[in-house]
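Q: Structure incoming, see below.
The values are calculated or read from the model by the stated rules, or taken from the named source; none is laboratory data. The structure presented is a predicted model; accordingly, all values stated were derived computationally and were not measured. All Cβ positions, glycine included, derive from the backbone under ideal geometry; neighbour counts span all protein chains shown. We work out accessible area using only protein heavy atoms, side chains counted, and drop any ligands, DNA or RNA first. Shrake-Rupley method; radii C 1.70, N 1.55, O 1.52, S 1.80 Å.
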Amino acid sequence: MHELSIAFNIVELATEEAAKADARKILKLQLEIGSLSGVLPDALEFAMEEAIKGSMLENAAISYNYIPAIANCSDCCNEFETDDYFKVCPACNSTNTFFVRGKELNIKSIEVLQD
Ligand SMILES: [Zn+2]
């Protein structure tokens, strides 16, 4: 399950950030997950519960912000929501389109408890 390695990676990154701030504990973690990031929400949330055990994130409030994918049309500049890799502009039927967001898998914010 690749979500588990992603979850451990998130915990590691968050722990590094917390260490930089001389924190003891992480209180809140906000994640941003694009619909094209290849992550299954249920699997990620389950994996996170496993990954945080015994870490600074153990009792943290974790929020998951799922971001819909947005594509832009190069021909008419229309912006539209889509999860389709073979995306067609709904306004002009052009296939000359590109994603502007939806691939993100980021830590949006982190709140720590300092001594
Ligand atoms: Zn268009």
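Q: Look through segment 70-108, keep the residues that are away from the ligand (no atom under 16 Å from the Cβ) and open to solvent by less than 50 Å² (accessible area, probe 1.4 Å), and return whichever of them is nearest to residue 14 (Cα to Cα).
A: Of segment 70-108, the ones away from the ligand (no atom under 16 Å from the Cβ) are 83, 85, 101-108.
Adding the requirement that they be open to solvent by less than 50 Å² (accessible area, probe 1.4 Å) leaves 102, 104.
On the way: 102: 22, 104: 16 Å.
Filtering first and then ranking leaves 104.
Q: Which of the residues that make up segment 1-50 are more than 28 Å from residue 114 (Cβ to Cβ) and open to solvent by 40 Å² or more (accessible area, probe 1.4 Å)?
A: Matches in segment 1-50: 1, 2, 4, 5, 35, 38, 40, 41, 42, 46.
Q: Yes or no: segment 28-43 includes at least one residue that is more than 13 Å from the chain's Cα centre (by Cα), under 25 Å from residue 7 (Cα atoms) and in a strand (DSSP E or B).
A: yes
Q: Still on this structure: What single numbered condition from (1) in contact (Cβ under 8 Å) with a residue 60 or more places away in the chain; (2) surrounded by 14 or more Cβ atoms within 10 Å (Cβ to Cβ) fails to hold for residue 64?
A: Result: residue 64 passes all but (1).
Q: Right, something else. Could you tell me which numbered condition residue 55 fails, if it satisfies all but one of (1) open to solvent by less than 80 Å² (accessible area, probe 1.4 Å); (2) in a strand (DSSP E or B); (3) at pLDDT 95 or above?
A: Going through the list (1) open to solvent by less than 80 Å² (accessible area, probe 1.4 Å); (2) in a strand (DSSP E or B); (3) at pLDDT 95 or above, residue 55 breaks only (2).
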